[in-house]
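The values are calculated or read from the model by the stated rules, or taken from the named source; none is laboratory data. Predicted model only: the values in this text are computed from it and were never measured. All Cβ positions, even for glycine, are placed from backbone atoms using ideal geometry, and neighbour counts span all protein chains on display. Just so you know, the surface numbers come from the protein's heavy atoms only, side chains and all, with ligands and any DNA or RNA stripped out. Shrake-Rupley method; radii C 1.70, N 1.55, O 1.52, S 1.80 Å.
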Amino acid sequence: VSISKILCTGYVRKYPVYLSKDGAFGDLPGLLPNTRKRFIIADKKVIELFPELMDRLKADNGVVFPIVADEDHKTFGELERLCGKIFGLKPCRDDAIVAVGGGLVMNLAGLTASLVMRGIRFCHVPTTLTGQIDACIGSKQAVNFMGAKNWIGTYSDPELCYVNPGFLRTLEKREMNSQAIEGVKLCLATDRELFYETFGMLEGFHSLSTERLGEFVRRMISAKLAVLKKDLMEKDYGMCMLYGHTAGHAIEMLNHKSMNHGEAVGLGMLVAAKISNLLGISDDGLVRTHEEILSRLGLPKRIPSSTSISAIEEMLKYNKKNYSGKIPFILLRGVGEMAERDGNYFSIVPKETVREAIKALY
Ligand SMILES: NC(=O)c1ccc[n+]([C@@H]2O[C@H](COP(=O)([O-])OP(=O)(O)OC[C@H]3O[C@@H](n4cnc5c(N)ncnc54)[C@H](O)[C@@H]3O)[C@@H](O)[C@H]2O)c1
Ligand SMILES: [Zn+2]
C-alpha cells in the first residue's frame with residue numbers, strides 16, 4: 001500500500017493524517033472533501049515547483065491564491081486580503097480551503113478558514129519538513145501582529161492532513177537538516193526508544209532515500225501525536241515542545257539574519273543539556289548525545305562570538321515565563337525523560353548556572 005492513515009487528536013475532534021508514498025501525488029485530489037469551490041492557498045515557490053499537482057488541484061472548481069512565504073507576509077493584512085478574495089467569490093458553507101506550503105502558509109490559511117463565516121473546512125498539505133512533522137498537527141493557526149510572532153490566532157482542526165515526503169526533495173540541505181531538529185527535540189524529551197531508533201538516520205540526513213525520509217517523518221509525527229493526546233494546550237506535559245526554546249529564542253533573536261529557527265533551537269537544547277549537567281540532574285552522556293545530534297545534522301555547536309553573554313542574558317529577561325531574575329528551563333534527566341516536580345515541567349535555574357552553561361558554548 002502506498003498510503004496509510006493515522007488519527008490525530010485535535011482541539012475538538014480527531015482527524016486523519018494520511019501518509020502517502022505516491023511520488024506523483026496522484027492520490028491527493030481523491031482525498032479532498034467534495035466542495036462547490038476549493039480555495040487553494042499555496043506557497044508561490046511550491047506552485048512553481050509542482051505545477052502538475054497545482055493543475056490537478058485546480059481542476060475541481062479550484063481557485064489558487066499564491067502566497068509569498070516570508071514572515072513579513074504572515075500578517076493581519078494578508079489575512080484580510082485573503083478574506084476579501086474569498087468573499088468576492090461568494091463562498092458557501094460547504095466550500096473548503098486547501099493549504100499547500102510550509103508552516104507559514106498553513107498557519108495563515110488555517111486561520112483564514114477558521115474565521116470565514118465562523119469557520120469553513122480546511123485541509124493541510126505540508127511541503128516542508130517542519131510543516132509535516134510539526135505545524136500541520138497541533139491545531140494552532142496564527143498570524144504575526146505588530147511584530148509579535150503568532151500573536152493573533154485560533155485553535156482549529158483541519159479536515160485532514162496529507163503528508164508526502166516527495167515534497168521534501170526540493171528543500172535545501174540546510175533547511176532540511178535544521179528543520180529536523182524540532183522532531184528530534186520531541187523524541188529526545190519524551191521517548192527514549194523512538195529517539196534511539198531514529199538517531200542513526202541523522203547521519204547524511206539530507207541524502208536519505210525518500211522511503212527512509214518517509215519513515216523519519218512517520219516517527220516524528222507519532223512522537224508529536226503522543227504529546228497532543230496528553231496535553232494539546234501545552235499546560236503541563238505539552239511543554240516538552242518548548243525544549244531548547246528558552247535559550248534558543250534568545251539566540252535566534254540576536255542572530256535572526258544569520259541563523260534560522262532550527263539552528264538556534266539546536267543550540268538552545270545544548271544549553272539546556274549543559275545546565276542539567278551542571279545542576280547534577282543528568283550526566284555528561286546527555287551533553288555528548290546533544291553534540292552528536294548537532295554534528296550529524298551539521299548544525300552549529302558554538303554560539304557566534306559576535307553574540308555576547310550579556311546580550312543573551314538581556315534577551316532571556318524578556319522570556320514570557322521569567323520569574324524575577326530566575327529563568328525557567330525545560331530540563332532532561334536523560335534521553336526521553338523530562339525533569340518534573342509536582343506536574344511542573346519548568347525548572348527555575350539560577351542565573352549564574354545559566355551563564356556558566358552559555359559560556360561553555362563559545
Ligand atoms: N502552528 C504550529 O504548530 C507551528 C509549528 C511550527 C512552525 N510554525 C510556523 O511555521 C512557520 C515556519 O514554517 P516552515 O519551516 O515550514 O517554513 P515556511 O513555511 O516559512 O517556508 C520556508 C521556505 O521554504 C519554501 N518552501 C516550502 N515548501 C518547499 C518545498 N517543497 N521545496 C522548496 N522550498 C519550499 C518556502 O517558500 C519558504 O521560502 C513559522 O511561521 C512558524 O511560526 C507553526
Ligand atoms: Zn520551535
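Checking ILE133 against (1) without any contact (Cβ under 8 Å) to a residue 40 or more places away in the chain; (2) in contact with a Lys or Arg (Cβ under 9 Å, 6 or more places away or on another chain); (3) among the hydrophobic types (A, V, I, L, M, F, W, C): exactly one of these is not met. Which one?
(1)
Scanning segment 180-206 for residues that are within 16 Å of ligand 1 (Cβ to nearest atom) and over 18 Å from LEU225 (Cβ atoms), which turns out nearest to the chain's Cα centre (by Cα)?
It comes out as ILE181.
Please tell me if ARG288 is open to solvent by 60 Å² or more (accessible area, probe 1.4 Å) and away from ligand 1 (no atom under 16 Å from the Cβ).
Yes, satisfied.
Checking MET233 against (1) part of a helix (DSSP H, G or I); (2) within 13 Å of ligand 1 (Cβ to nearest atom); (3) open to solvent by 60 Å² or more (accessible area, probe 1.4 Å), which single condition isn't satisfied?
Single failed check for MET233: (1).
Within the set of pairs 6+ apart or on separate chains, which have a first residue in segment 42-65 that is under 19 Å from ILE86 (Cβ atoms) and at pLDDT below 95, a second that is within 9 Å of ligand 1 (Cβ to nearest atom) and open to solvent by 40 Å² or more (accessible area, probe 1.4 Å), and C-beta atoms under 7 Å apart?
From residues that are under 19 Å from ILE86 (Cβ atoms) and at pLDDT below 95, there are no pairs.
Being under 26 Å from ALA148 (Cβ atoms), at pLDDT 90 or above, open to solvent by 20 Å² or more (accessible area, probe 1.4 Å) and of a type in the set (S, T, N, Q) narrows it down to one residue among SER324, SER308; which is it? Full working, then the answer.
On the way: SER324 fails: at pLDDT 90 or above.
Of the residues listed, the single one that is under 26 Å from ALA148 (Cβ atoms), at pLDDT 90 or above, open to solvent by 20 Å² or more (accessible area, probe 1.4 Å) and of a type in the set (S, T, N, Q) is SER308.
Is it the case that PHE199 is open to solvent by less than 10 Å² (accessible area, probe 1.4 Å) and not in a loop (DSSP other than H, G, I, E, B)?
No: the conditions fail for PHE199.
Inside segment 5-26, can you point out the residues that are within 28 Å of LEU232 (Cβ to Cβ) and without any contact (Cβ under 8 Å) to a residue 60 or more places away in the chain?
LYS5, LEU7, LYS14
Any idea which residue in segment 125-142 is farthest from ligand 2 (Cβ to nearest atom), counting only those that are in a strand (DSSP E or B) and buried (at least 24 other Cβ atoms within 10 Å of the Cβ)?
First, pick out the residues of segment 125-142 that are in a strand (DSSP E or B): 125-126, 140-142.
If we keep only those that are buried (at least 24 other Cβ atoms within 10 Å of the Cβ) too, we end up with 125-126, 141.
On the way: VAL125: 21, PRO126: 15, GLN141: 16 Å.
So, considering only residues that are in a strand (DSSP E or B) and buried (at least 24 other Cβ atoms within 10 Å of the Cβ), the one farthest from ligand 2 (Cβ to nearest atom) is VAL125.
Among the candidates LEU242, LEU270, LEU278, single out the residue that is surrounded by 20 or more Cβ atoms within 10 Å (Cβ to Cβ), more than 12 Å from ligand 2 (Cβ to nearest atom) and of a type in the set (A, V, I, L, M, F, W, C).
Values: LEU242 fails: more than 12 Å from ligand 2 (Cβ to nearest atom); LEU278 fails: surrounded by 20 or more Cβ atoms within 10 Å (Cβ to Cβ).
Going through LEU242, LEU270, LEU278 in turn, just one is surrounded by 20 or more Cβ atoms within 10 Å (Cβ to Cβ), more than 12 Å from ligand 2 (Cβ to nearest atom) and of a type in the set (A, V, I, L, M, F, W, C): LEU270.
I'd like the residue in segment 166-196 that is of a type in the set (A, V, I, L, M) and within 15 Å of ligand 2 (Cβ to nearest atom) and, out of all such residues, is nearest to GLY285 (Cα to Cα).
Taking segment 166-196 and keeping what is of a type in the set (A, V, I, L, M), we get 168, 171, 176, 180-181, 184, 186, 188-189, 194.
Next cut, within 15 Å of ligand 2 (Cβ to nearest atom) only: 180-181, 184, 186, 188-189.
Working: ALA180: 22, ILE181: 19, VAL184: 17, LEU186: 18, LEU188: 13, ALA189: 15 Å.
Filtering first and then ranking leaves LEU188.
Any residue at all in segment 15-30 that is among the polar types (S, T, N, Q) and crowded, with 17+ Cβ neighbours inside 10 Å? Steps first, answer last, please.
Step one: list which residues in segment 15-30 are among the polar types (S, T, N, Q), which gives 20.
From the residues that got through so far, the ones that are crowded, with 17+ Cβ neighbours inside 10 Å too are 20.
Yes, some residue in segment 15-30 is among the polar types (S, T, N, Q) and crowded, with 17+ Cβ neighbours inside 10 Å.
Tell me whether segment 145-160 contains one or more residues that are of a type in the set (Gly, Ala, Ser), assigned to a helix (DSSP H, G or I) and modelled with pLDDT of 95 or more. Can you show your working first?
Taking segment 145-160 first, the residues of a type in the set (Gly, Ala, Ser) are 147-148, 153, 156.
Checking the rest, the ones that are also assigned to a helix (DSSP H, G or I) come to none.
Within segment 145-160 (the criterion being of a type in the set (Gly, Ala, Ser), assigned to a helix (DSSP H, G or I) and modelled with pLDDT of 95 or more), the answer is no, since none of the residues qualifies.
Six or more apart or on different chains, Cβ atoms under 7 Å: show the pairs whose first residue is in segment 98-115 and over 14 Å from ASN144 (Cβ atoms) and whose second is among the hydrophobic types (A, V, I, L, M, F, W, C) and within 16 Å of ligand 2 (Cβ to nearest atom).
From residues that are over 14 Å from ASN144 (Cβ atoms), the pairs are ALA99/MET106; MET106/ALA135; MET106/CYS136.
Only one of (1) among the aliphatic types (A, V, I, L, M); (2) within 11 Å of ligand 1 (Cβ to nearest atom); (3) under 30 Å from ASN34 (Cα atoms); (4) open to solvent by 10 Å² or more (accessible area, probe 1.4 Å) is not met by LEU168, so which one is it?
Status for LEU168: all satisfied but (4).
Is it the case that SER258 is touching a residue at least 12 places away in the same chain (Cβ under 8 Å), of a type in the set (Gly, Ala, Ser) and assigned to a helix (DSSP H, G or I)? Spell out how you get there, then give the answer.
Numbers: touching a residue at least 12 places away in the same chain (Cβ under 8 Å): yes; of a type in the set (Gly, Ala, Ser): yes; assigned to a helix (DSSP H, G or I): no.
In short, no.
Filter segment 292-305 for residues that are open to solvent by 60 Å² or more (accessible area, probe 1.4 Å) and under 27 Å from the mean Cα position of the chain (by Cα) and give the result.
GLU292, GLY298, LYS301, ARG302 - these are the residues of segment 292-305 that are open to solvent by 60 Å² or more (accessible area, probe 1.4 Å) and under 27 Å from the mean Cα position of the chain (by Cα).
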